[in-house]
Structure formats: C-alpha cells, structure tokens
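Structure first, then comments.
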Amino acid sequence: MNTIFYIAALVALVSTALAISGRNAIHALLFLIVSLLSISVIFFILGAPFIAALEVIVYAGAIMVLFIFVIMMLNVGLEKEMENKWLRPGMWILPSILAFILLIDFLSMLRSMNYREIRGQIILPKQVGISLFTTYLLGVEISAMLLLAGIVGAYHLGRQKKKVIHRFLEKIEETHAEAPDTNL
Amino acid sequence: MTYLLIIAGVLLIVLTIAAGLIWVERRLLALWQDRYGPNRVGPFGLLQVLADMIKIFFKEDWVPPFADKPVFVLAPGILIATILLTFAVTPFAPGFNVFDSNIAILFFLGNSSLGVYSVVLGGWASNNKYSLLGAMRASAQMLTYEVFMGLSLMGVVMMADSFNLREIVEAQRHVWFVFPQFIGFVIFLIAGIAETHRLPFDIPEAEGELVAGFHSEYSGMKFGMFFVGEYLGVTLISALITLLFFGGWLGPSFLPPIFWFFLKTGIFICFFILLRASLPRPRYDQLMGIGWKVLLPLALLNILVTGAILIYIK
Amino acid sequence: MSPSDFLCLTPVMIIAGAPILMMLTIAFTRNYKVIYGFSLTAFSIAFLSLFFILPAIPCRISTLFIFDQYSILFSGIIILASLLITLLSYDYLLYQESEKEEYFIILFIASLGSLLLVAASNFVTLFLGLEMLSISLYVLIAYRRSRDHSIEAGVKYLILASVSSAFLLFGMGLIYLDTGSLEFDKIVPALSSADHSATLLFTGFGMMMVGIGFKLALVPFHMWTPDVYQGAPVPVTTYIATVSKGAVMALLLRFFFAIRGFQNPGFILIITILAILSMFVGNLLALRQQNIKRILAYSSIANMGYLLVTLLIGNETGIHAAIFYIVSYIITSLGAFGVITLLSDRQNDADKLENYKGLFWKRPWVAIVFTLSLLSLAGIPLTTGFIAKFYIVFTGINSGLWLLVISLIINSVIGLYYYLRVITALFSPANEEKLPPVSLAGHLVLGIVAVGIVWLGVNPEGFLSLIAHFSVL
Amino acid sequence: MILLDLILILLTGGLLAWITGKWSSILPRIISFIAIAIDLLLTLSIFLKQEGFGHTAWLINYRTNWIPSFGISLHLALDGLSLLLLLLTFFLGLLSVLISWKEIRERVGFFHFNILWILAGIAGVFLSMDLFLFYFFWELMLVPMYFLIGIWGHENRTYASYKFFLYTQASGLLMFLSILALYFIHGRNTGIFTFDYQELLGTSMSAPIAFLLMLGFLAAFLVKLPIVPLHNWLPDAHTEAPTAGSVILAGLMLKTGAYGLLRFVIPLFPEASVRFAPAGMILGVIGILYGAKLAFAQTDLKRLVAYTSVSHMGFVMLGVFAFNTIAYQGVVMQIIAHAISTGALFILVGQLQERIHTRDLNLMGGLWKQTPVMGAMGLIFAMASLGLPGLANFVAEFLILTGTFRANILMTCLASIGLVAATIYSLRIVQKVFLGKEATVWKMKDLSIREKIVCGSLVIVVFWLGLFPQPVINTAKPSVIKTLNSIEQVSINQNTNPIP
C-alpha cells in the first residue's frame, strides 16, 4: 500500500509541477488531470473510495472538461507575450519566496508531528451518505442554496441582450433604442 | 493464476465482440434496410472483419504535421483504456469478473467521464476546424448526458442498497429493476446512447455536416481504435443495461448464467443497431434542450419518488 | 431534528424560502414592484420571527449550528441592515438593465449566508456560509454588467475570494489534522492531548486568518477592496461594508473565543500585526484618494483593524465592545453609502469628491446625514462612532493593550484628515450640477440612520445593556 | 438642573436658529440673541445671589446617571471659577451675535447654530465634573468651530480649519488616553470604576505614571492655551476665522485650556505638577517673549492680535505654575481680562475689515480722522492690552508677577520684559492704523449704534475690572484656595518646599 501511495504522490507532484510550468494550456490541463487522478488514487488508498470516485467524476471528468472547452473556445496561443510580461522576476520573486517559506514551514511541521502509519480504514459510500443525511443534513441543504445563488448569478451575468434575429429588424431596433425610453 | 485467466478471458470476449460487431452491424443494417450487406468474404461475409483488420493494421500510421502530436496519439488510447477499465468491474456471471468492486457504478461513471477526453482531445489535437467543432459538441453533449446518466442509476442503487454490480444483480432475483425503475431505465438508455455518441446522437462526428467530426484526421490503427472503441462502448452500455435493469445473468437455470447474460446483452446491442437504422439525428440545441429540460428533471423526480417509496416501505 | 429545532430555524427558513418563492413568482410574471414589496415583507417577517424564537434559544442543531443570544442579536442586525439596503436599492436599480428582479433573490441568499455564518459552530457551516456569502456577492458586484469596472470588480472579487477560500480550507484542514474535530468547541479540549502540535495549530490558524482576512479586507489582504468598492453598485458596496463584514467579524469573534485565541501568544501576534497594519495602511492610503467609494474602502480597512483589537481583549467586555463597534459601523456605513446611493443617477455613481461640492446648500438634510456618518467614522462625540471607539480604547486599556490602543489613537487622527476633506467638500460653495430626486424610502433610511447615529452617541446605555444581555458566547 | 438648562437652552436655540434660517435671516439672530441673553441673565442671577449659596465647595451641584455601564454620569457643578467663566462665555457670546449682525449674510441659520453649539460646548467644559463628560464637551466644541472657520472664514480657511481641528483633536485624544488610564488606576485601587472628578481626585499612583498621565492632560490644554511649541494652529485659525469666530476662539476657547490647567492638571496630579513647574514656567516665559516678538513682526493686523494672545497666555502658564494665591487670582483675572481686551481688538479688526476689506497694516494709517470713535476705542483696547494701570490687564499681570516673584525671581524678571514688548506691539497697532500718514485713502463710516453698544460694553467691563476687580477676586477665591490645597497637601507630605 505504501509503495503505491508514494508512486501516486510522486506522480501527483510531478504532474502538478508540469501543469504549472507548462506553456501549452491544453497540455498543462492534461497534467492537471493526471494530478487529479493520482490524488484520487491516494484517496482510494487512504480508504475513501467514494471520494476517489467523486474526484474522478467531478473534477477530472466534468470540471476539467469545461476548462478544456473554454480554452478551445478562446483559441489560446496569444498568451505568450502576456506570459513573458507576467513572468518578469519582479512579479514572481516575492510570491515564490513566500511560498518557499511556507514549504519550509510545512516540512518542519510535518517533522514535528508524530509519524503516523497510513491507515487503511475504508469508509464506504453508504457511511458517507448516512452522515451527510443525518449530522450534516443542514449542510447539504445549505449547499443547495449556495448552488442556487451560483445558478441565478450565472443566468443573470451570462444572459445576452435580446437580439432580433433578422439583420434588417436589428437595424430598426437600433434606431428605436436611441430614442429616450419613456417607460421608465 | 485464475485471476490472470479471467482478465485474459474478459479481454478476449470483449474485444471479439467489439470486432465482431463490425460485421454484425453491417449485416443487421442491411437486413433492416432490405439489402445484402457484406457477403463476399467468407461464408455470409464473416471474414469481412478479418479483412478490415488487416487493412487497418497495415495502413500507414500518419499524423498530420499540423496536429498536436502527443495529444493526437494519446486521444484514441484514452477511449479504449477507459472502456476496457470499466469492463474490469463488470461481472459476466457469478465469480466471472476481474474485480468485485464496492463502487462499481461510480467506477463506471468515473471512467465514462474520462472517456470524454478522447473525443475532445482528439478533435482539438487534429487542429482542424471541423474536428474542433466536433470536439466542442462532444464535450458539451457528454458532460450533459453524464449528469443524469449518473442520476438515473441512483434509483437502482437505492433499491439494491449498493454500488456493487454483483449485489445489484442479486437484488433482482424477484423482479427486474426495469419494472420499478422504468424511467431510470429509459433515461439511462438515452444517456448511454449519447455517451457512446451512437446514432441518433452522433452529433460530434455527424458525417453530413462535420466530415466525420473529431476523427476527420485519423487514419490507420488510430482510427481503428476509435472505431473499435465505439463498439466497445455499445457493448459496455448493453452489458450495463442488462446488469442494472434486466437481472444480469439471472434466468431459468436450464442454461448457464453466462448465457443469459450474453443473450440479454446481445439483444440490446441489436437494439442499438436498430436505432441507428431507424432514427434521424436531432439538432444540436434540441439535444441539449431535451437533456437539461426534460431528462434531468425526470431523473431527479425518479430519485425523489423512489426515495419516498423506499422510506415508506421500510 | 426536533420541533424546537425547527422553531429555531424559523428566521433562517424564511430567508431561505423567500428567494425560492420569488423565483417562482418571476417564473409567472416579472414585476419589479411585487418582488421589491415581497423582499421588504420577507425581511420584516424574518425580523419579527426573531422575537418569536427567543424563548426557544439556545438550541444546537446537530453540531453545525448554535442558535444562541449572540447569533440572534447578529441575525437581527443582519436582517435590519439588509432591509435598509433593500429600501436603498429600489430606486437605484429602477433605471438599470431590464432584468433587475434577480438582484433581490441573490440579496436574500447573501443574507442567508450571513445568518448561517453568525450561527456557525462548525468548520463545515463556517465554510458553507462564507461561500454562500461570497458567491452571492460576486454576482451582486457584477450585477450592472453594462457599467465600467463592474465586471472587473466582480472578477477580482471572485478570484481573490476563491484564493482566500482555498487558504481557509487549508487552514481548517490543518487544524482538523491537529485536533481531529471540525467543531469549534472541541478544539480547546483537544489541545491538551498528546497528539497536539503547536506549529500545526499556529499554521492552521494563520492560514484561516488569510482567508478571513480577505473577507474582512485586512492588510495585507486588502488589495481588492478599493477596486471592488468602486466597481460594485453602491447598494452592494453598502452590503459588503455592513452585512458581509459584520457577519464575518461576528464569526471570527465566536471562533476566536471558542478556541481561546487570546491565550495563545502566536495568535495574539498574528492578530496584532494584522490590526496594526490594517489601521496604518488603510488610513495612510485613504489620504490621497479622490473617489469617495475608495476613501470609504480604505476607511473600512482601517476600521476592521480597530475591530481586531477587541479580539485580544479576551473577556466579555471585549465582545461587548466588538458588538457595539460593529453595530455602530454598520449604521454609519449605511448612512455614508446610503447617501452615495441616493445621489447616484442613471449613468454614474456619485463617487467623486466633486459630486459633493456644496451638497449642504443644495440638500441640507442629505448632507447632514453624510456629515454625521463621516464624523461618526472619525469618532467625534455626539455620534455613535465616538462611543464605539471609546469602548474599544476603554477595554483595550483595561487589558493593557497599549501598543494597539495607541496605534488606534494615532490612526484616529490620521483618519480625521480625510474625513474632514469630504466634509469640507460638502460645505464648500455649491456648483451647478443637478442632483437626482430622493425618494421617500431614501429619506426613511437616512432618517433611521441619523437617529441611530445620534441616539447611540448620546444615550448608549439602553443598547449597551441589550448587548450585555445578548452577547453570551 | 439649572446648569443643564443653561446648556440645553443653547443647544435647542441653535437648532431653532438653524431651522428658522431657512425662511428668514433675521430670526436666527434674534433667537440666538435671546437664548444667550437668557443664559447670561440666569448666570448673573447666580452671581448676584452667590453669597446665599454659602461657601461650600460647589455653589450648585447636579448629578444624574448617563452611561452607568462605564461609570459615566451627567455631573455638572458650579463654583466661583466656573461662574466667572460662564459669565464671560455668555457675555462674549452675546457680543459675537451682535458683531455678526452685518458681517454674516449667507447661511445665517447655520452660522448661529454653530455659534450656539460652540458656546454650549464651552459652557459644558466649564461645568463638567465628570471626565468623560468633560471630554465629550471638549470635542463637541470643535466641530462647529471647524465649520465656522471652514465656511465663513477668509481666504485660507480650509487649511486653517484642518490645522485647527487636527491639532486639537490629536491632543484631545492624548488627554482621553490619560483620562482612561486614570479611570482604570482609580478603579483598580478602590474597586469603584467612575469618571467622576471628585472621586478621581487624590488617586494614588506611582510618580512616573502620574507624570505621564499629566502630560496627556497637558498636551490638550497647552495646545488650546497655546504654549509655544504647540501654538502653530492659532495664528492661522484666528486669522482666517470670521470675527465672531476669532472672538470666541481668543476669548473663550483658549480659556478652556487655562481652566483645564487649574481644574484638572493641578488637583489631579499635584506632585507631578510640582515636578513640572520649572519647565512650565520656562514655557510660559518663552511664550510671553516669543509671542510678543512674533506679534511685532506681523503685517496682518489679525495675525498680530493672534500672536498677542500667545504672549498673554504665557502669563497664565507662568502664574499657574507659581502655586500661590496671588498668582492664581492673577491667572483668573488674566483669563477674563485677556478675553475682553483681545476679544475687543478682534472686534475692531473685524469692523475695520468690514469697511476696508483688508487686514494689511501697510495699507492702513491715519484712520483717526475719519473714524474718531473707532480710533478712541482702539486706543483704549490697545492700552488695556499693554497693561496700563486702571485697566483690567494691569491688575491681572501685576498679580501674576507679584505671585511668581515669590516663586521664581529670574522668570519674573524675564516675564516683565514681556510687558515692555507688549507696549511696543500695542502702540504699533494704534500708530499704524489710526495715526500717521494715510497709506491709502479709504472712504469709511464711523461706528454704528450697534457697534458702539458692543464696544461700549467692552470698555465698561475693561474699566470696571481695572478699577474694581474685587468681586471677581472674591468669587474666584474659594476655587483658587481649593486648587492650592491640593498642592499644599503635597508639600506637607513631602515635607519640602514645593516652590523651587
């Protein structure tokens, strides 16, 4: 179990690093997917198959597809110049130092902890479901409201102004729009 | 050792079926369209499969120079890999499976959601506008249908009280789930067709408008993998329909369980082919509309009603 | 969940049910007035229901929520403030894009998030409440899509809110790793166990403070504040300044007291640094601004710095002081932003200093409320801001927080300068610019705010005893 | 209750004036006049009946709860010192309304609102016996004063008003910190948490802390007074303010500082004050000389008068730290006399400016010919300012110098140089403005009846105080003795001579 864990962790680290450093957006995303998959393996080893599956279904399978979808639509490739501008040392040195400090902090923290064996206690979907619908029932319901806010917001912000389909009608509409709106 | 044998057996069976389907589909289509189909190579044209395979294997392995090479090569592999992986948790008969998983259904859903990448990446890597359009359609379509494909199965899961396919089949000893879960079945069927982008939902490839869509640029064995992958997908969905709604290998005991399983699966495969022969292709927006506005609410309603009734009974 | 749990949840359920009903209404017919009236009614009913549930408290709902007097008090504040913001929003949105009904739906969900925050007793609900609030907020910030900076502000808030949520989650994860519990109450007992690691707890809390610091706009996590304040529609800016910050601060107070943060030298260090930085940076950056919204944004940064001092006081009076400060800050901000809202017209927000030149001679009443609010922010007697600042200094000295108290005093003087700049503009000779008419609702809000500012500034005794009664943590 | 009424009358009068200002420009003036007049009469009646109150510590003592959670009460009390200062406040307040009758033509309602509220704040400061309440009023008078300077002031008003506000607010906050510290020290010692002045008297604390806290109080009072390093705001504020503002600033607001020294610094921190005394006296002398020097160098008439205040207030500082009865009587006299004479000078400057629209000394001269009455008035007030015997300031300065002579001879000698300097700058005013050649030919009228009444009443007071100061001295006596008691207590405890 431990060996697989370390392999998966290594894959996750390497692919994440590649995802960050990759210049091609799609390749970077692919590495990110690999990273997510390896994390899913780690979840599985830790005894959370349900979360492992969700990680694949939701993150790797759905969210990343959307990312790729968007990148395809935007036809990325113009970013090089911008990236060069953003990657001037002035921009990344401070955050990197901070991140490095954080890393050292983490390492020292992990050292300070008692070494704990990876426990293979398996938690099945059923248990997850039961706890979600008893102890955390309200939490689930709140999540629903949270999503509602997201949906309503996405609807409002994503809505396009009403367009008249026919181009002749559109012109007429434009001339109308210039006149002051008396209804208000 | 038996473990390896089972793996080899499953692979053999599945790949044979997929390859054989090339012939079966053409023959059946011909039958329904009142013509002959392939009937020259061997008896009933049975060796047609072999001929096609030889042709495909020996074609030049050509990658267009404008393509994103690594992704282009990777894409068809993803399709085959994800579907074959799903067969690992699919029991053909009691004891005849690679891995008796507790989360088999989730595993299937996860893999099918990863399967999207083959189409999307293949289309994108081809660097061809038709392929790209196909890829975009595929990503939207598969993402949409995946959502309630998962949801449509939840009724079954609730009734069987498990994600394990073997236990689900066992739970159908008295009544097949197709009866209590008819809505779930219909939705899963539709979503399954969409997931495998078979006709009538073959919008990502839509030969008429997109010139084969995402795999326009593919040829040789890479095309072959997409091709076989599609049949593998059909087999998989049929197998799952059988397992989830039609009692899997359960059946009168005068024949071995595995026979019943293949019989039922075969019927559904034929049904898939019949659909191809008989239905027109919907428009893209109709497809999305029906998905979000009809099937998703129906799936949710199905869960709600099933849950309520189960709670009432217990 | 027992019937009494449901009783406790009544206000929350009203606030949660209202947007759903509103959506259904919109599905049948879109009518701005109906939705507006409905919002007012729902907020009012929710507020009244607080009195109704008083006998049932305190009640815990599984381990997620605790509805006690503290959360009821803050619920009341949140609902009232939301109600006033609703009143302010009506005219402001009247002239906007065609579909403005969704605004109120999201406003309700944001308020729901705030209500849950102040009742949270568990990391899960903390996070959900915070997310509900921020998701609603970034929709609200970008609500008027056609205006300048609106989408920019929304995206900025979205990105930074996500980053901060990530930090928050990471921090919670570390604390969970250390203590093995998601409940606030179980953290302190876990600290005595052998598995406990002080570094882990410290790092976890530090990361959580990054997340919370973003929401409260503490320095150095304040970068979004001026842009978002400027870019958001004014009522939304009001909402961020009042309800959102109040709720997050209430949560922080509860959390900090539950984990006995004021006994931990590491936590004290973090809070002290954040507080002093926020005060100085906020006030110093405000000095050179020309845009009122930006001035108030920086001022809010500084004010949150003052508020942090209350965390370290470490006894009941600290909580009292914090509550009083939050309440008076909310009232004051409602006044200041309310005036900006009422003076904004169809095209532009009245956010430049020039828009206010000679306001006193054109709209004396509006200018007086604005002046009162600014004086209150500056902490001049006769306004609630004075008593609030006094209370913090008072309790701070009592707990020997000399460094913080003296920074607070120095900053009060620095702050005075830019408040005076605005006041001077108000009283300088008038220009020709025309002002939009002020509606009855606007006058009502201003009236309530003015009375509140002066009343709490002159006779705070009643409210103080109310706080003392309600602030049992 | 009558004390509270005094303040409430002003506050409501202010609001009324503001509201009526919408419809008429005369109503606010009348309302303010009546409000202040009522207060003045009420105070006068107390003054006349003061024997009847007996010589207890306080003539009137009013106390009720305000914010009991913090131990804050609404405690107002009146003794001789406060009584005199109240009389002064309302008298000058009345004059401010009169002199603004013609000068202020715009936003009359709001102007009078501010005047009345400043007066209310000042009256509150003189009456508060609760430190929180004291601070409350202390700050309350700032805002309307800020408006007065900022709205009706002259060219540089915005700058001046900022400076005024920031100086006083910053120093006030230091005092506030000291008040809070005192509160807690007292609370910890006795278990009684209160802001009440009488309770806090005699709070025991270690010497360094007492000194530190005293510095907090001193900061606020010395800025107001003002004493030289902290005087920077004063010339600007006085110069830019409208006449009424200058009169109130010079006549009343500076006095809150002096009052604070007498009422709070010395009784609350007797030992620390004794330790501070040498420095205090040096500061006083520096103020006298430096103020006089700068006054002499000014070409702006109003600025000149402003600097004379710095010089005169130096005497107050000097006297306060001399710690003896005569000096203290002198301080009280100086407070009143300076208020009258400098106030009068500001009024004259205001009248001049109303007529010739400049304050530049170089543009004036020879005005006596056209305005003999005004010239005569100017002469009298300049004489008062330089301390001519028979006029109020002479009594004050004489008493202070006599008192300090006992305490510190060197300082007294240096301070008396200030008298010479005062002669120079005062005569310079008369010489430059009224005598000599006409630098510019101005067409101007002499004083109107209203202005004559104003100036006349001031002349009467100057002479009255100069010739018959006994009532003032009598009234102030109990308070002066009370203040000194606390110092004597220290000297008894220490068994040393407090006076260096």
### Task
Assess whether residue D:147 counts as being open to solvent by 10 Å² or more (accessible area, probe 1.4 Å), over 23 Å from residue D:486 (Cβ atoms) and within 10 Å of another protein chain (Cβ to nearest Cβ).
yes
### Task
Go through the stretch D:62-89 and give me each residue that's in contact with a strand residue (DSSP E or B) (Cβ under 6 Å, 6 or more places away or on another chain) and more than 20 Å from residue D:44 (Cβ to Cβ).
D:63, D:64, D:65, D:66, D:72, D:73, D:74, D:75
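Looking for whichever is open to solvent by 50 Å² or more (accessible area, probe 1.4 Å) and within 21 Å of residue C:275 (Cβ to Cβ) here; the options are C:189, C:220. Which one fits?
Details: C:189 fails: within 21 Å of residue C:275 (Cβ to Cβ).
The match here is C:220.
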### Query
Taking the stated definitions as given, is residue D:11 open to solvent by 30 Å² or more (accessible area, probe 1.4 Å), within 14 Å of chain C (Cβ to nearest Cβ), closer than 24 Å to residue D:251 by Cβ and not charged (D, E, K, R)?
yes
### Task
Search the stretch B:136-165 for residues being more than 17 Å from the chain's Cα centre (by Cα) and open to solvent by less than 10 Å² (accessible area, probe 1.4 Å), and hand back the single one that is nearest to the other protein chains (Cβ to nearest Cβ).
B:164
#### Entry: Within the stretch D:273-298, tally of residues that are more than 15 Å from residue D:218 (Cβ to Cβ) and among the charged types (D, E, K, R)
1
### Query
Hey, any hits in the stretch C:343-352 for a residue that's open to solvent by 10 Å² or more (accessible area, probe 1.4 Å) and small (Gly, Ala, Ser)?
yes
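Can you tell me which residue among B:23, B:62 is in contact with a Ser or Thr (Cβ under 7 Å, 6 or more places away or on another chain) and at negative phi? Break it down into steps so the answer makes sense when it comes.
Numbers: B:23 fails: in contact with a Ser or Thr (Cβ under 7 Å, 6 or more places away or on another chain).
Of B:23, B:62, the one residue that is in contact with a Ser or Thr (Cβ under 7 Å, 6 or more places away or on another chain) and at negative phi is B:62.
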### Message
Six or more apart or on different chains, Cβ atoms under 9 Å: show the pairs whose first residue is in the stretch C:1-25 and within 17 Å of residue C:66 (Cα to Cα) and whose second is among the aromatic types (Phe, Trp, Tyr) and open to solvent by 10 Å² or more (accessible area, probe 1.4 Å).
### Response
C:7/C:52; C:10/C:52; C:11/C:47; C:11/C:52; C:13/C:6
#### Entry: Within the stretch B:113-135, considering residues that are within 8 Å of chain A (Cβ to nearest Cβ) and in contact (Cβ under 8 Å) with a residue 60 or more places away in the chain, the one surrounded by the fewest Cβ atoms within 10 Å (Cβ to Cβ)
B:135
### Query
Taking the stretch D:185-203 as the search range and keeping residues that are touching a Phe, Trp or Tyr at 6+ places or on another chain (Cβ under 8 Å) and within 10 Å of another protein chain (Cβ to nearest Cβ), which one is farthest from residue D:490 (Cα to Cα)?
D:193
### Task
Select, from B:8, B:30, the only residue that is under 28 Å from residue A:41 (Cβ atoms), without any contact (Cβ under 8 Å) to a residue 24 or more places away in the chain and either open to solvent by 20 Å² or more (accessible area, probe 1.4 Å) or more than 12 Å from chain A (Cβ to nearest Cβ) (or both).
B:8
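For the stretch C:217-237, check the following and say yes or no: at least one residue is of a type in the set (Asp, Glu) and outside any helix (DSSP H, G or I). Walk me through it before giving the result.
So in the stretch C:217-237, the residues of a type in the set (Asp, Glu) come out as C:227.
Right, trim to outside any helix (DSSP H, G or I) and you get none.
No - not one qualifying residue is present in the stretch C:217-237.
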### Query
When residues of the stretch C:76-87 are filtered for being open to solvent by 10 Å² or more (accessible area, probe 1.4 Å) and in contact (Cβ under 8 Å) with a residue 60 or more places away in the chain, how many remain?
3
### Task
Considering only residues that are modelled with pLDDT under 85 and open to solvent by less than 60 Å² (accessible area, probe 1.4 Å), look in the stretch C:144-161 and name the one that is nearest to the other protein chains (Cβ to nearest Cβ).
C:145
### Query
Scanning for something away from chain D (no Cβ under 13 Å), open to solvent by 20 Å² or more (accessible area, probe 1.4 Å) and in contact (Cβ under 8 Å) with a residue 12 or more places away in the chain, does the stretch C:403-424 turn up at least one residue?
no
### Hits in the stretch B:89-111 (condition: more than 8 Å from every other protein chain (Cβ to nearest Cβ) and open to solvent by 20 Å² or more (accessible area, probe 1.4 Å))
B:94, B:95, B:96, B:97, B:98, B:99, B:100
#### Entry: Residue in the stretch A:15-32 that is in a helix (DSSP H, G or I), modelled with pLDDT under 85 and more than 15 Å from the chain's Cα centre (by Cα) present
yes
#### Entry: residue B:168, sole failed condition from (1) within 14 Å of chain A (Cβ to nearest Cβ); (2) surrounded by fewer than 19 Cβ atoms within 10 Å (Cβ to Cβ)
(2)
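Can you pull out every residue in the stretch A:124-145 that is of a type in the set (Gly, Ala, Ser) and surrounded by 14 or more Cβ atoms within 10 Å (Cβ to Cβ)?
First, the residues of the stretch A:124-145 that are of a type in the set (Gly, Ala, Ser): A:129, A:131, A:139, A:143-144.
Hits for the stretch A:124-145 are A:139, A:143.
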#### Entry: Pairs, first touching a residue at least 60 places away in the same chain (Cβ under 8 Å) and open to solvent by 50 Å² or more (accessible area, probe 1.4 Å) in the stretch D:414-426, second of a type in the set (Phe, Trp, Tyr) and part of a helix (DSSP H, G or I), C-beta under 8 Å, six or more apart
D:424/D:296
#### Entry: Qualifying residues in the stretch A:146-165 (those that are assigned to a helix (DSSP H, G or I) and open to solvent by 70 Å² or more (accessible area, probe 1.4 Å)) - the one modelled with the lowest pLDDT
A:155
### Task
Taking residue D:395 as meeting all but one of (1) of a type in the set (A, V, I, L, M, F, W, C); (2) under 19 Å from the mean Cα position of the chain (by Cα); (3) under 17 Å from residue D:308 (Cα atoms), write down the number of the exception.
(3)
### Task
Given the conditions (1) under 17 Å from residue B:233 (Cα atoms); (2) in contact (Cβ under 8 Å) with a residue 12 or more places away in the chain, report the number of the one that residue B:110 does not fulfil.
(2)
### Task
Might you let me know whether the stretch A:76-92 holds any residue that is modelled with pLDDT of 60 or more, within 28 Å of residue C:173 (Cβ to Cβ) and either surrounded by 10 or more Cβ atoms within 10 Å (Cβ to Cβ) or away from chain C (no Cβ under 14 Å) (or both)?
yes
### Message
I need the full set of residues from the stretch D:90-118 which are hydrophobic (A, V, I, L, M, F, W, C), within 14 Å of another protein chain (Cβ to nearest Cβ) and within 20 Å of the chain's Cα centre (by Cα), in order please.
### Response
D:117, D:118
### Query
Out of C:168, C:182, which single residue is more than 12 Å from chain A (Cβ to nearest Cβ), touching a residue at least 24 places away in the same chain (Cβ under 8 Å) and under 25 Å from residue C:251 (Cα atoms)?
C:168
### Task
Answer yes if at least one residue in the stretch D:176-184 is more than 10 Å from every other protein chain (Cβ to nearest Cβ), open to solvent by 10 Å² or more (accessible area, probe 1.4 Å) and of a type in the set (Ser, Thr, Tyr), and no otherwise.
no
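The values are calculated or read from the model by the stated rules, or taken from the named source; none is laboratory data. If you're wondering where the values come from, they're calculated on a predicted model, not measured in any experiment. Cβ: placed from backbone, ideal geometry, glycine included. Neighbour counts: every protein chain shown. With ligands, DNA and RNA removed, areas are computed over all heavy atoms of the protein, side chains included. Shrake-Rupley method; radii C 1.70, N 1.55, O 1.52, S 1.80 Å.
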